[in-house]
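Here's the structure we're looking at; comments come further down.
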Amino acid sequence: MNGSTGSALVIFFAAVFTNNIVLTNFLGMCSFLSVSRAVKSSIGLGWAVVFVMTTTSGINWLVYHHILVPLDLVFLRFAVFIVVIAGFVQFVEIIMERFTPALYFALGIFLPLITVNCAVLGVALFMVIRDYSFLESVGYGLGGGLGFLVAITILAALRWRIRKSKVIPALQGAGISVILAGIMALGFVAFSGMISIN
Amino acid sequence: MNERTRIFLDGIFRQNAVYRQILGICSTLAVTNLLTNTLVMSVGLTFVTAMSSFTVSLLRKITPPRIRMMVQVMIIATYVIVVDLILKAYLPDISERLGPYVGLIITNCIIMGRAEAFAAKYPPWPSFLDGLAMGLGYTLVLMSIALVREILGFGTLFGFLILPEQWTRWTIMAMAPGAFFMLGIVIWIMNIIDPPEKIESS
């Protein structure tokens, strides 16, 4: 195993556990809180995010290092990344609708949501700031996506568990979800120290 | 109370983006460990929200509906790039500390939400006011969260030490869980002070 594959693996595990993008970097909070009403749709969205995040982080890395840096257009990265993500999502939607209708009906409704999911853009921006190699970026994208899947599934399950509990009226809905997320974050803090990325 | 004042006050309180609409949570949680960061972030976001609402509204009649979202995203991205370049030039330290969260203003649901729900239907001036009010409402919530987190987490206020050295820092407040708990508490308090018309049940 050479150095790059090794560090890509470390980054992958860190993104799922110690530096979970949802619970430590707060990326993708909007859909995290709104979709987690049902376990099934959370898992659907989670897988769609895994797929889009892994592929777009690779594409964005190539675009950044082979187009933006040579042309000295780094300051345009926000606009370029978001166009790549939106374009890719649109493209996947069309392909899926044409060839795998079953998968399209399972994941399709979540795809447009992903364009505005800040986690996907956030991963692209972190990868630039931390100066990752191509393999590390893809590992980070995959780990980030799985981290999102894990977090949203747990939160949806927790919300399902407390549906019969007597929650204080003023905390119902969003309030209690945020506090649940806080307790989960506390749990994930326990992973820190196992592996770390800078 | 005239129409404009009402739009303005609704944007700050009754329809507050953070605690009422639960939008823009990413940055609400991520940048609120220090007041200085929070202030810079809030000013940036308010500027982007107000200006992009204004621009979206200005172009609303000539934007083709099919590519509406894309046009809005591009308008927002333009203003975010402006904010990013200004921060890099004048406040490099804070720009470094905010990291990717300045860029993430683009996907901040507050701005997209307002562009879609308000600016696409109303004239430029009320849209600008609505964007400004949303930004101020966001600022208010973030500053109150940051105030508690910085005092308890670091014992400082805008970086100045205000609690005695013996004070045991609540490290948890500076970390991720503290952010979630503080947001939960803010939602709780605001739902008691100013109850929404109908509390949504989960």
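The values are calculated or read from the model by the stated rules, or taken from the named source; none is laboratory data. All figures in this text were calculated on a predicted structure; none of them were measured in a lab. Quick reminder, even Gly has a Cβ in these numbers, built from the backbone with ideal geometry, and neighbours come from all protein chains shown.
Annotation: A:Leu73 fulfils all but one of (1) free of Cβ contacts under 8 Å to residues at least 60 places away in the same chain; (2) crowded, with 17+ Cβ neighbours inside 10 Å; the unmet one is (2). Being within 14 Å of another protein chain (Cβ to nearest Cβ) and either of a type outside the set (D, E, K, R) or under 13 Å from A:Val49 (Cβ atoms) (or both) is a description that applies to A:Leu125.
The rows are residues; the columns are (1) touching a residue at least 24 places away in the same chain (Cβ under 8 Å); (2) in a helix (DSSP H, G or I); (3) closer than 12 Å to A:Val22 by Cβ.
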position	(1), (2), (3)
A:Leu103	no, yes, no
A:Val120	yes, yes, no
A:Ala124	yes, yes, no
A:Val138	yes, yes, no
A:Leu142	yes, yes, no
A:Ile152	yes, yes, yes
A:Arg163	no, yes, no
A:Ala181	yes, yes, yes
A:Met184	yes, yes, yes
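Reported count of residues in the stretch B:62-107, each being modelled with pLDDT of 85 or more and outside any helix (DSSP H, G or I), is 3. Taken together, A:Gly44, A:Gly87, A:Gly147, A:Gly58 contain a single residue that is part of a helix (DSSP H, G or I) and either buried (at least 22 other Cβ atoms within 10 Å of the Cβ) or of a type in the set (Val, Ile, Thr) (or both), which is A:Gly147. Take the conditions modelled with pLDDT under 85 and not hydroxyl-bearing (Ser, Thr, Tyr) and apply them to B:Asn37. Does it pass? Spelling it out, it is not the case that B:Asn37 is modelled with pLDDT under 85 and not hydroxyl-bearing (Ser, Thr, Tyr). Here is a check on your reading of the model: is A:Phe126 crowded, with 22+ Cβ neighbours inside 10 Å and farther than 20 Å from A:Gly44 by Cβ? Against the criterion (crowded, with 22+ Cβ neighbours inside 10 Å and farther than 20 Å from A:Gly44 by Cβ), A:Phe126 qualifies. Report whether or not B:Thr139 is among the hydroxyl-bearing types (Ser, Thr, Tyr) and more than 13 Å from B:Thr49 (Cα to Cα). In short, no. Within the stretch B:18-57, the only residue that satisfies the criterion of being in a loop (DSSP other than H, G, I, E, B), crowded, with 24+ Cβ neighbours inside 10 Å and touching a Lys or Arg at 6+ places or on another chain (Cβ under 8 Å) is B:Thr32.
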